[in-house]
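The values are calculated or read from the model by the stated rules, or taken from the named source; none is laboratory data. Keep in mind that what you see is a predicted model, and the values were worked out from it rather than measured. Cβ placement follows ideal geometry from the backbone for every residue including glycine, while neighbour counts extend to all protein chains displayed. Please note that ligands, DNA and RNA were not included when accessible areas were found on the heavy atoms of the full protein model with its side chains. Shrake-Rupley method; radii C 1.70, N 1.55, O 1.52, S 1.80 Å.
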Amino acid sequence: MTIKKAVIPAAGFGTRFLPASKAVPKELLPIVDKPTIQYIAEEAIDTGITQVILVTGREKGSIEDHFDISFELEHHLRSKGKNDLLKIVQEISEMVQIVSIRQKMPLGLGHAILCAKQIVGDHPFAVLLADDIVDATPPCLRQMIDVYNKLGKGIILAIKEVPREEVYQYGIIDGELIEDRLYTVNSLIEKPSVEESPSNLAVIGRYLLPPEIFEVLEGLPPGKGGEIQLTDAIARLGETYPVYGYRFRGERFDAGDKMGFFIANVKFGLKHPELGPRISEFILKTAEEIQKGYETH
Ligand code: G1P
């Protein structure tokens, strides 16, 4: 059965992004001219997902508004003859069916996914974390679904090699390479120390999960950081269910981190059809000035 539903958790406080995220959900901070969450929604849509389930929290209503029809704005743009902008605004609300549900308490990523249980129903589904932007053709999620369709069953995790000293920021797998880019996962651990980490293969925020994960999540005690961890639920289900890690093709940006967010802005800025050439010129000029500064000091 092909995967048609995707859950995007977007309930976190975004503390890594303060003060910018105090009153604006971090998922709406723009990379060049589009909110981060729109890149994620577009990846899901380009993959063939037909329903996106947003798990939001308090003060996150503006994320729903972003994907909704904005009657006043459309009316304003139409009356001013700003048809290009009207088209952009309308396309967002026509993108895909968006359903949203609230996570009432910040109990962790695993708990956020559990909140989507009723809407997901009894089908395998995808999870995309809004902090992880992946620039890839075909989209990262599409690559994973192709692997899933070939295998016919199983949990698929997007993985990426990270520097050993960064393993404590990720879920890390203990896996065995079985074919090009594909690993069987024997175990996984959330945010291990460098010493206890079984490898440097990190889980990046894309998952294909079976509905059985909900039962596991329901009985799961809090893990790392006192939160109900999706990683722990996958590790537990993995005792009786096949789990694979797929080393996707593409470049990943950590848009939940200030530096990662900045880098994403530069990289996507350079590719932007209108702004790209000017951004490139600006960067080259700035680099020259920096170089001159070094030479005169
Ligand atoms: C989450 C997951 C972690 C994963 C990471 C990818 O952590 O819990 O296993 O490696 O996303 O970005 P977070 O970054 O939300 O703390």
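Can you compute the FRET efficiency between residue 187 and residue 50 using 1/(1 + (r/R0)^6), with r the Cβ-Cβ distance and R0 = 30 Å? Round to the nearest 0.05. Walk me through the numbers before you get to the answer.
On the way: r = 34 Å, r/R0 = 1.12.
Plugging the Cβ-Cβ distance into 1/(1 + (r/R0)^6) gives 0.35.
To the nearest Å, what is the center-to-center distance of region 205-246 and region 139-162, using C-alpha atoms only?
Between the Cα centre of region 205-246 and that of region 139-162, the gap is 16 Å.
Would you mind calculating the relative contact order of region 18-139 from Cα pairs under 8 angstrom and at least 6 residues apart, reporting the percent as a whole number? Could you put the intermediate results ahead of the total?
On the way: 97 pairs, mean separation 41.5, N = 122.
Relative contact order comes out at 34 percent.
Report the rotationally averaged projected area of region 1-115 based on its alpha-carbon convex hull, in square nanometres.
Values: hull surface 33.1 nm².
Here the figure is 8.3 nm², rounded to one decimal.
Treating only the Cβ atoms of Lys and Arg (+1) and Asp and Glu (-1) as charged, compute the dipole magnitude of region 71-159 about its Cα centre; round to the nearest 20 debye.
On the way: 10 positive and 10 negative charges, 42 e Å.
Magnitude of the dipole: close to 200 debye.
Quote the charge dipole size of the chain about the Cα centre in Debye, to the nearest 20; the model charges only the Cβ of Lys and Arg (+1) and of Asp and Glu (-1). Show your work: numbers first, answer last.
Working: 34 positive and 43 negative charges, 101 e Å.
Roughly 480 debye, rounded to the nearest 20.
For residue 240 paired with residue 82, estimate the spin-label separation in nm (one decimal), with each label point 7 Å from Cα along the Cα-to-Cβ line.
Here the answer is 5.6 nm between the modelled labels.
Tally Lys/Arg at +1 and Asp/Glu at -1 over every other residue whose Cβ is under 10 Å from the Cβ of residue 204; what's the total?
Numbers: positive: 160, 206, 247, 252; negative: 131, 132, 254.
Here the count lands on +1.
Multiply the residue separation of residue 42 and residue 251 by 0.36 nm, subtract the distance between their alpha-carbon atoms, and state the gained length in nm to one decimal. Don't skip to the answer; put the middle values down first.
Numbers: separation 209, 0.36 × 209 = 75.24 nm, distance 1.60 nm.
Between residue 42 and residue 251, full extension yields 73.6 nm more.
What nm distance separates the two modelled labels at residue 137 and residue 150, each placed 7 Å from Cα along Cα→Cβ?
Rounded to a tenth, the inter-label distance reads 2.1 nm.
For a label point 7 Å from the Cα of residue 33 along Cα→C-beta, name the residues of region 256-288 whose backbone N is under 11 Å from it.
Zone members listed by number: 272-276.
Would you mind calculating the gained length between residue 196 and residue 278 on full extension (0.36 nm times residue separation, minus the Cα-Cα distance), in nm to one decimal? Before the final figure, lay out each step's value.
Numbers: separation 82, 0.36 × 82 = 29.52 nm, distance 4.64 nm.
Computed gain between residue 196 and residue 278 is 24.9 nm.
Can you tell which of 73, 55, 29 lies farthest toward the positive end of the dipole of region 1-144, using +1 and -1 charges on the Cβ of basic and acidic side chains (Lys, Arg; Asp, Glu)?
Most positive-ward Cα: 55.
Modelling each spin label as a point 7 Å along the Cα-to-Cβ direction, I'd like the residue 72/residue 107 distance in nm, to one decimal.
Modelled inter-label distance: 3.7 nm.
Ignoring GluC sites (Glu not before Pro) that are buried or in helix or strand per DSSP, and keeping those with at most 15 other beta carbon atoms within 10 Å, what is the longest stretch of the chain between them? Provide the component values of the computation, followed by the final result.
Working: sites that count: 59, 195, 196, 239, 274.
Counting only loop sites that pass the neighbour cut-off, the longest clear stretch is 60-194.
Working from the pairwise distances between different alpha carbons, so that the mean of 1/r is found and then inverted, what is the chain's Kirkwood radius in Å?
On the way: mean 1/r = 0.0490 Å⁻¹.
Radius from the Kirkwood sum: 20.4 Å.
So how much accessible area does residue 214 have, in Å² to the nearest 10, using a 1.4 Å probe?
The value for residue 214 is about 10 Å².
Which distance in Å, rounded to a whole number, links the C-alpha centroids of region 256-297 and region 57-113?
When both Cα centres are located, 30 Å separates them.
Treat every Asp and Glu Cβ in region 125-236 as -1 and every Lys and Arg Cβ as +1, leave all other atoms uncharged, and give the resulting dipole magnitude about the Cα centre to the nearest 20 debye. Write out the running numbers ahead of the final one.
Values: 10 positive and 19 negative charges, 64 e Å.
Dipole about the Cα centre, nearest 20: 300 debye.
Restricting to Cα pairs below 8 Å that are 6+ residues apart, what does the relative contact order work out to for the chain? Please round to a whole percent.
Working: 511 pairs, mean separation 63.7, N = 297.
Reported as a whole number, the value is 21 percent.
Could you please put 7, 194 in sequence from largest to smallest accessible area, using a 1.4 Å probe? Kindly include the intermediate steps, with their values, before the conclusion.
Working: 7 0, 194 55 Å².
If we order 7, 194 from most to least accessible, we get 194, 7.
Would you work out which of 173, 211, 8 lies farthest towards the positive end of the dipole of the chain? Charges go on Cβ: Lys and Arg +1, Asp and Glu -1.
Checking the options against the dipole of the chain, the answer is 8.
Once you have the Cα-Cα distance between residue 20 and residue 123, take 0.36 nm times their residue separation minus that, and quote the gain in nm to one decimal.
Details: separation 103, 0.36 × 103 = 37.08 nm, distance 3.70 nm.
Contour length minus the Cα-Cα distance gives 33.4 nm.
With θ set to phi - 60°, apply the Karplus curve 6.51 cos²θ - 1.76 cosθ + 1.60 along region 279-288 and write out the HN-Hα couplings as whole Hz, x wherever there is a Gly or Pro.
Those phi angles translate into 5, 4, 4, 4, 5, 4, 5, 5, 4, 4 Hz.
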